[in-house]
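Quick notes on the structure that follows.
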Amino acid sequence: NVLQEHIQQCKQATTKPFGVNLPLLYPNIEELIQIIIEEKVPIVFTSAGNPKTYTNIFKQTGIKVVHVVSSSKFAKKAEEAGCDAVVAEGFEAGGHNGREETTTMVLIPAVREAIQIPLIAAGGIATGKQMLAAMVLGADGVQIGSRFVCTPEASSHENFKTAIVQASEGDTQLSMKKLVPVRLLKNAFFKQVEAAEIRGADEAEMKQLLGRARAKKGMFEGDMEEGELEIGQVAALIHAIKPAAEVVNEIVEEYNATIKAFTIASR
C-alpha cells in the first residue's frame, strides 16, 4: 500500500511528529483509516467530508485530528465534532476549494471569532511575511502547500515545477465550481473544462472529462497540456526550485526579521 509505504518512510526519516492528509471522500477510506491507526500516525488532517464520521475513531487511539474548512460555519462544526484544531483555507489555495470563495485575509479572523480550538491558516502563504500576517489575523500556525511543490523532495514532475516558477498573477483560476471547485494553472485542459462549463455540460459529462487520471497525468507525469495542474495563487511568488530545508529556513528567517523590524519601528 502506497500510504503505508510513505508513512514508514517518514518514520525512518524523523523522530518528530508528522501528519497524514486524508480526504474523507476516498472510496477505500476504511482501509486507509486502519493503516493510519496501525502505524500510530500522530496527526491526521481530514478534509472533504463530515468530521463527525471518523474523528472519534481516531481520538480513541490517541491520534490528533485537524479538519480543513473553508468557512466559520464549518469550523464550528469541526470543533463540535471534537477536532483538536482546524485548518482554515482561503480560496487562494491550490487544488480543491470551498464554494464560498472567501480569501484568507477575511476567513482567518472570521474563523478566529467562531472557535476556541487552535487555528491553522492556509491559502496564499509562502513567505515569512505572509506567515506573520496570518498570525496577526488570529492564526496559531500556518499550513503551506504550493511552495513545497517546487522542491527537489517533491514527487511532482519537473515540467510542473518549471511552470509554477514561470507563473504570474492571474495564471491560476478556480474551476469546476458546480462540481468540485478546484484551483488550476491555466492550460489546454483548463480551457476544455471552462468551455464545457460555459455551454452547460451536465455532471456526467464533466465527470467523464475529469475522470481520465488528469491529476496524475499533469502533476506527476508532466503533461502540461492535457493534465490537471493544481497550484495556488501564491505560485506568482515562487521564483526558484529550492530544497525543502532551505525553504523552511527562509520562511522562518523572514518571519523573525519582520517581527524585529516592526518592534524597532514601534519604539
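The values are calculated or read from the model by the stated rules, or taken from the named source; none is laboratory data. None of the values given here were measured: they were computed from a predicted structure. Positions of Cβ are backbone-derived with ideal geometry, glycine not excepted, and every protein chain shown enters the neighbour counts.
How about segment 44-55: which of its residues are within 18 Å of the chain's Cα centre (by Cα) and under 18 Å from Gln34 (Cβ atoms)? Result: Val44, Phe45, Thr46, Gly49. Of the residues making up segment 149-163, those that are under 15 Å from Lys217 (Cα atoms) and in a loop (DSSP other than H, G, I, E, B) number 3. Scan segment 5-20 for residues that are touching a residue at least 24 places away in the same chain (Cβ under 8 Å) and more than 21 Å from the chain's Cα centre (by Cα) and the total you get is 2. So in segment 37-90, with the set limited to residues that are in contact with a helix residue (DSSP H, G or I) (Cβ under 6 Å, 6 or more places away or on another chain), of a type outside the set (A, V, I, L, M) and not in a loop (DSSP other than H, G, I, E, B), which one is farthest from Met105 (Cα to Cα)? This residue is Pro51. Ile164 meets each of the listed conditions (1) closer than 20 Å to Leu25 by Cβ; (2) assigned by TED's automatic domain parsing to the domain that holds Glu221 apart from (1). When the test is whether a residue is buried (at least 18 other Cβ atoms within 10 Å of the Cβ) and not charged (D, E, K, R), Leu174 does not pass it. On the stretch given as segment 104-145, residues that are of a type in the set (Ser, Thr, Tyr) and surrounded by fewer than 21 Cβ atoms within 10 Å (Cβ to Cβ) total 1. Does Glu225 qualify as being part of a loop (DSSP other than H, G, I, E, B), over 18 Å from the mean Cα position of the chain (by Cα) and surrounded by fewer than 18 Cβ atoms within 10 Å (Cβ to Cβ)? So Glu225 passes the test.
Screening the candidates Gly138, Gly90, Gly98, Gly128 for the property of being touching a Pro at 6+ places or on another chain (Cβ under 8 Å), assigned by TED's automatic domain parsing to the domain that holds Lys64 and at pLDDT 95 or above yields one hit, Gly138. Within segment 1-39, the only residue that satisfies the criterion of being over 22 Å from Val86 (Cβ atoms) and of a type in the set (Gly, Ala, Ser) is Ala13. Give the residue that is nearest to Thr127 (Cα to Cα), with candidates limited to residues of segment 189-222 that are part of a loop (DSSP other than H, G, I, E, B) and of a type in the set (Lys, Arg). Out of the qualifying residues, it is Arg212.
Residue count for segment 92-139 satisfying the condition of being in contact with a helix residue (DSSP H, G or I) (Cβ under 9 Å, 6 or more places away or on another chain) and either aromatic (Phe, Trp, Tyr) or assigned to a loop (DSSP other than H, G, I, E, B) (or both): 17. Can you find even one residue in segment 22-30 that is touching a Ser or Thr at 6+ places or on another chain (Cβ under 6 Å) and part of a loop (DSSP other than H, G, I, E, B)? Looking through segment 22-30, at least one residue is touching a Ser or Thr at 6+ places or on another chain (Cβ under 6 Å) and part of a loop (DSSP other than H, G, I, E, B). The residue of segment 56-74 that is farthest from the chain's Cα centre (by Cα), among those that are closer than 23 Å to Val41 by Cβ and crowded, with 22+ Cβ neighbours inside 10 Å, is Phe58.
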